Amino acid sequence: MKDDDLFPTEVSEETMLLARRRQMTQDSLSQVTTPMGVTNTMQLLLGKTAEKHYDDAEEHIKVKHYEKAVNCLNKAINLQPKTVLYYVERAEIFLHLCDFSSAILNYKRACVLEPDNYTFYCRLAFLYFFYGQCLFDQNLFPEALESFSRAAEMRPEVTGYHMRR
């Protein structure tokens with residue numbers, strides 16, 4: 001098994017760059033002034049379409065079609081990028097796919113969108129610890145140490161996170 005095959009669903013740098021460009025375009029488009037009724041109707045339509053994609057993702061999850069569920073959630077996030085639930089759900093799907101890096105990125109985004117949500121921080125710290133354990137088992141010790149350290153910094157009261165440091 002090559003290192004490139006370790007986490008096959010991990011988001012590539014090129015994909016991240018394209019997503020950032022798309023986000024910048026969406027942000028600039030959202031600042032265009034339109035009559036109030038048009039804006040409300042558009043937001044309502046975007047919200048309903050995003051919810052439809054979320055519901056489709058839930059259906060795919062029930063039958064364990066995780067890649068299809070990720071695609072549906074990607075569409076929902078593109079329509080409603082500030083909806084935390086979509087990021088959390090996508091993170092959980094990435095965990096099913098054993099793509100810890102992507103799960104961590106999604107929980108980080110959830111923490112940014114809801115900075116007072118303690119549950120998200122706890123889950124993110126656990127993911128860092130779990131990812132560190134996987135890296136440790138693969139003899140990737142420097143990367144594992146970094147991941148363990150992040151978990152311990154986020155939740156210093158959890159003594160288990162300090163054991164591997």
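Any read-out appearing in this document is the output of simple, stated calculations on the displayed coordinates, not a laboratory observation. In this text the structure is predicted, and so the values were computed from the model without any measurement. Cβ coordinates were reconstructed from backbone atoms using ideal geometry, including for glycine residues, and neighbour counts include every protein chain displayed.
From the square roots a ≥ b ≥ c of the eigenvalues of the alpha-carbon gyration tensor of segment 35-115, which class results: rounded (a/c under 1.5), prolate (a/b over b/c), or oblate?
Working: a/c = 3.42, a/b = 1.54, b/c = 2.22.
It comes out oblate by the Cα gyration axes.
Toward the positive end of the charge dipole of segment 34-162, with +1 on the Cβ of Lys and Arg and -1 on the Cβ of Asp and Glu, the farthest Cα among 65, 83, 93 is that of 83. Put a plus charge on the Cβ of each Lys and Arg, a minus charge on the Cβ of each Asp and Glu, and nothing anywhere else: the dipole of segment 35-115 about its Cα centre is then about 180 debye.
Just so you know, the Rg over Rh for segment 117-165 is 0.98, from Cα atoms, with Rh as the Kirkwood radius.
If packing is taken as the mean number of other Cβ atoms within 10 Å per residue, what is the order of 64-75, 132-143, highest first?
64-75, 132-143
Averaging the sequence gap over all C-alpha pairs within less than 8 Å and six or more residues apart, then dividing by the number of residues, gives segment 38-165 a relative contact order of 14 percent.
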